[in-house]
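Report on the structure given below.
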Amino acid sequence: MPERLQDKLARLIEQRLKRGKADLETLPNGHVCGHVISSEFEDKDYERRRVRIREMLDEALTEGELEQADLLSVSTLLTYTPEEWSVATTDTN
């Protein structure tokens, strides 16, 4: 059985980003969205984080780990540092 795009992306994030973690889901239309957590994002603004994700995806495409059709199915990936993620996922109740 071929690897699902959600699983491919999670693996790439974990392998290619420093302390990379992924919290992803596949939408009914087949697109993958979610959260990307990495210490690489510390001291980076939104644009620099977005560029790093794009670089990672382009590297995977060049190296044959992703196909062009896969890239068309990547939707919103929100980026967090580990500290930001711990705040975002803390239950304040």
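Read the figures in this text as sums done on the coordinates, not as results from a lab. All values derive from a computational prediction rather than experimental measurement. Glycine also receives a Cβ, built like all others from the backbone with ideal geometry; neighbour counts cover every protein chain displayed.
Along its principal axes, what span do the Cα atoms of the chain show, with the longest given first and each in whole Å?
41, 28, 20
To the nearest 10 degrees, how steep is helix 46-62 against the longest Cα principal axis of the chain, on a 0 to 90 scale?
Relative to the chain, helix 46-62 is tipped by roughly 30 degrees.
Please determine, in degrees from 0 to 90 and to the nearest 10, the orientation of helix 5-16 with respect to the longest principal axis defined by the Cα atoms of the chain, where the helix direction is its Cα long axis.
Long axis of 5-16 versus the principal axis of the chain: about 60 degrees.
Taking 0.36 nm per intervening residue step and subtracting the Cα-Cα distance, what contour gain separates E63 from R50 on full extension?
Between E63 and R50, full extension yields an extra 2.7 nm.
Count the net charge of all other residues whose Cβ sits under 14 Å from the Cβ of D58, scoring Lys and Arg as +1 and Asp and Glu as -1.
Summing Lys and Arg as +1 and Asp and Glu as -1 gives -2.
Calculate, in nm to one decimal, what R19 and S75 gain on full extension: separation in residues at 0.36 nm each, minus their alpha carbon distance.
Taking R19 through S75 to full extension adds about 18.0 nm, to one decimal.
Once you order the gyration tensor axes a ≥ b ≥ c over the Cα atoms, which shape class does segment 1-40 get: rounded for a/c under 1.5, otherwise prolate or oblate by comparing a/b with b/c?
oblate
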